[in-house]
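A.B. asks: Mind having a look at this structure? Questions to follow.
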Amino acid sequence: GPAAALPVVDGRARSPIRSHHVNFALPVDMPGERMLVLRVSSSTSLQIPLELWSRDYLTGRQNTETLFWGLYFGVMLALIAYNFFLYLSMRDGAYLCYVFYLVSIVGLMLSLSGFGLLHVWNAPVWSRYVLPLASGLTSFWAIMFALSFLHGNGIHPGLRLLLQLVAAASLALVPYAFVQPGQGALAAGLLAVVSVALIIAAGLNAL
């Protein structure tokens, strides 16, 4: 049938149902066939798993997902506390780097899951900055943990220099993300891939 004009829905507005899922209420009086046109843009990461759900299904699914995410964040907070106490008792810098790495991971997952916007910062604009910030800090602290844990033993000097350069670039994303959050998110993703590859290479080299 012919396309019907529907009210424009702005994703920056508050969702009809308070949820970590971005949701939009469709008009209830829509007889016959209708064509829905979706235009999406984002300055950070973009995921569009679009589905039509009833209000009851959204509420039920949210309750189930909240339970699993709550368990995940609970385990992460327990790991942070445990490793922090290990650092206090052993004074090994590797444990402190691991604590900051876990904190960065929590910030990243809060941003990606939508629970950060729902329960922590409660302002959509902050999601633009938290994603590149948390991603850049995750790469930085992962490299610092690897360097501290391996103590530089058995790592080729060139590989160690590469790790230090990528760590410096990841840390530089912190101020850059406030200026260009969109490009910062892209750069953080690329640095994360490079960081993982270098850390694995350093571990194998040390082994």
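A.B. asks: Which order do T138, T66 take by accessible area at a 1.4 Å probe, largest first? Write down the numbers at each step before the final one.
C.D. replies: Details: T138 20, T66 55 Å².
Largest accessible area first, the list is T66, T138.
A.B. asks: Please determine, in degrees from 0 to 90 and to the nearest 10, the orientation of helix 93-113 with respect to the longest principal axis defined by the Cα atoms of the chain, where the helix direction is its Cα long axis.
C.D. replies: 10
A.B. asks: Right, here's the next one. What's the angle, to the nearest 10 degrees (0 to 90), between helix 55-90's Cα axis and the longest principal axis of the chain?
C.D. replies: 10
A.B. asks: Which order do Y101, Y57, Y176 take when ranked by solvent-accessible area (1.4 Å probe, heavy atoms of all protein chains), largest first?
C.D. replies: Working: Y101 65, Y57 110, Y176 85 Å².
Most to least solvent-accessible, the answer reads Y57, Y176, Y101.
A.B. asks: I've got another one for you. Between G32, G154, G189, which gets the highest mean-square fluctuation from a Gaussian network model of the chain, Cα cutoff 10 Å?
C.D. replies: Taking springs between Cα atoms under 10 Å, the residue moving most is G32.
A.B. asks: Another question, if that's okay. Rounded to whole Hz and in sequence order, give me ³J(HN,Hα) for the stretch 181-196 from the Karplus expression 6.51 cos²θ - 1.76 cosθ + 1.60, θ = phi - 60°, writing x for Gly and Pro.
C.D. replies: Here the 3J(HN,Hα) series is x, x, 5, x, 5, 5, 5, 5, x, 5, 5, 5, 5, 5, 4, 4 Hz.
A.B. asks: Quote the relative contact order of the chain in percent (integer), defining contacts as alpha-carbon pairs under 8 Å separated by 6+ residues.
C.D. replies: On the way: 198 pairs, mean separation 40.7, N = 207.
Relative CO of the chain lands at 20 percent.
A.B. asks: Compute the length gained on full extension between D92 and S41: take 0.36 nm times their separation in residues and subtract their Cα-Cα distance, giving the result in nm to one decimal. Working shown, then result.
C.D. replies: Working: separation 51, 0.36 × 51 = 18.36 nm, distance 4.50 nm.
Here the answer is 13.9 nm.
A.B. asks: Another one. Could you calculate the FRET efficiency of A81 with W121 from 1/(1 + (r/R0)^6), where r is the beta carbon distance between them and R0 is 30 Å, rounded to 0.05?
C.D. replies: Working: r = 23 Å, r/R0 = 0.75.
For A81 and W121, the calculated efficiency is 0.85.
A.B. asks: Also, I was wondering about something else. Please determine, in degrees from 0 to 90 and to the nearest 10, the orientation of helix 157-179 with respect to the longest principal axis defined by the Cα atoms of the chain, where the helix direction is its Cα long axis.
C.D. replies: So the inclination is approximately 40 degrees.
A.B. asks: Spelling out what I want: for every residue of the stretch 135-140, take phi, set θ = phi - 60°, compute 6.51 cos²θ - 1.76 cosθ + 1.60 (Karplus), and round to whole Hz; glycine and proline get x.
C.D. replies: Couplings: 5, x, 5, 4, 5, 4 Hz.
A.B. asks: Could you run the Karplus curve 6.51 cos²θ - 1.76 cosθ + 1.60 with θ = phi - 60° over the stretch 142-148 and give me ³J(HN,Hα) per residue in whole Hz, x for Gly and Pro?
C.D. replies: Computed from phi, the couplings for the stretch 142-148 are 5, 5, 5, 5, 4, 5, 6 Hz.
The values are calculated or read from the model by the stated rules, or taken from the named source; none is laboratory data. None of these values were measured; they are calculated from a predicted model. Here the Cβ is made from the backbone with ideal geometry for all residues, glycine too, and neighbour counts use every protein chain on show. Only protein heavy atoms, including side chains, enter the accessible area calculation; ligands, DNA and RNA are left aside. Shrake-Rupley method; radii C 1.70, N 1.55, O 1.52, S 1.80 Å.
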